[in-house]
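What follows is one structure encoded as structure tokens, with my remarks underneath.
The values are calculated or read from the model by the stated rules, or taken from the named source; none is laboratory data. Remember, predicted model here, so these are calculated numbers, not experimental data. Cβ placement follows ideal geometry from the backbone for every residue including glycine, while neighbour counts extend to all protein chains displayed.
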Amino acid sequence: MQTTTKPLAVVTGASSGIGYELAKQFAQNGFDLVVAAEDPGINTAAQELMALGAQVEAVQADLATYDGVETLYSRIKATGRPVDAIALNAGVGVGGDFTRETDLRDELNLINLNVISPVHLSKRVVKDMVARGSGRILFTSSIAALMPGPFEAVYAASRAFVQSFSEALRNELKDTGITVTALQPGPTETNFFHRADMDDTRAGASKKDDAEQVAKQGFDALMAGKDHVVAASLMTKLQAAATNVLPSTANAEQHRKLTEPGSADK
């Protein structure tokens, strides 16, 4: 990357969906970028982001592995520039009956990507931010973090981990000049449900929020230093609010109606 006075942002899971839209928000607001994803689409995404006026470093790496995270961090350090903001967005879902349908390897990969990867990368990057006394951190969580998640049990638990981790880290860093924000999307128009094998569920078949709007609300909350934002539609915000007044058993039943295999036809 060339020497510049522009701030630098890192976005993981940036080849498509919410991650790509977050990267666009950063590019449109004067940031250069390091973007990462496992798939080759990250290189196409980088070219599109460059067209918005940003310098962009694309890193194709499997962040579900220790070496993949270390590769990304090495590429970040190689820019010779401080990280002003990081969006820890990479994630994957697994849908289905935990006992009878889902594959253990898929669920362990989910934990590696959704849980271990953001802990690993934030451990590296946040230390640098603390030494500098400034920085912004955005974790992509989910409204699924707010309730038990039947038929995506491991995914919902992974997002609950991220939500708790984000809130704890925000408290630890409150006097350091660093802000931590959790983005909590509802069902969003991405390839998430298809990849999670949830096309036949009510959640998979229903109308979803726009990824661009989710990302914009997340970016705005990050820049405002907010602790969290539920994004993006009024319906999603109401669903999140309802979890605060319903018992966990009722929340689990509501979630089940959306995620049970075959529920799209009910």
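If you scan segment 182-211, which residues turn out to be under 20 Å from Glu21 (Cα atoms) and not in a loop (DSSP other than H, G, I, E, B)?
Pass one, segment 182-211, residues under 20 Å from Glu21 (Cα atoms): 182-195, 207-211.
The answer is Ala182, Leu183, Gln184, Pro185, Thr188, Phe192, Phe193, His194, Arg195, Asp209, Ala211.
Scan segment 56-81 residue by residue and report those that are assigned to a loop (DSSP other than H, G, I, E, B) and either more than 15 Å from Val10 (Cα to Cα) or out of contact with any helix residue (DSSP H, G or I) (no Cβ under 6 Å at 6 or more places or on another chain) (or both).
Here is the first cut: in segment 56-81, the ones assigned to a loop (DSSP other than H, G, I, E, B) are 61-65, 79-81.
Asp62, Ala64, Thr65, Thr79, Gly80, Arg81, listed by residue number.
Conditions: (1) at pLDDT below 90; (2) loosely packed, with under 15 Cβ neighbours inside 10 Å. Ala241 meets all but one. Number of the miss?
So the condition that Ala241 fails would be (1).
So, in segment 221-259, how many residues would count as being in contact with a helix residue (DSSP H, G or I) (Cβ under 8 Å, 6 or more places away or on another chain), of a type in the set (D, E, K, R) and not in a helix (DSSP H, G or I)?
Going through segment 221-259 one residue at a time, the tally reaches 1.
Return the total of residues in segment 15-37 being assigned to a loop (DSSP other than H, G, I, E, B) and either touching a residue at least 40 places away in the same chain (Cβ under 8 Å) or among the polar types (S, T, N, Q) (or both).
Residues that pass the stated criteria total 4.
Being surrounded by fewer than 21 Cβ atoms within 10 Å (Cβ to Cβ) and within 21 Å of His255 (Cα to Cα) is the filter here, so list the residues in segment 210-235 that pass it.
Answer for segment 210-235, where residues must be surrounded by fewer than 21 Cβ atoms within 10 Å (Cβ to Cβ) and within 21 Å of His255 (Cα to Cα): Asp210, Ser233, Leu234, Met235.
Tally the residues that are assigned to a helix (DSSP H, G or I) and either among the β-branched types (Val, Ile, Thr) or crowded, with 22+ Cβ neighbours inside 10 Å (or both), restricting the search to segment 146-157. Can you show your working first?
Here is the first cut: in segment 146-157, the ones assigned to a helix (DSSP H, G or I) are 146, 153-157.
Imposing the further condition that a residue be either among the β-branched types (Val, Ile, Thr) or crowded, with 22+ Cβ neighbours inside 10 Å (or both) reduces the set to 146, 154-156.
Of the residues in segment 146-157, 4 are assigned to a helix (DSSP H, G or I) and either among the β-branched types (Val, Ile, Thr) or crowded, with 22+ Cβ neighbours inside 10 Å (or both).
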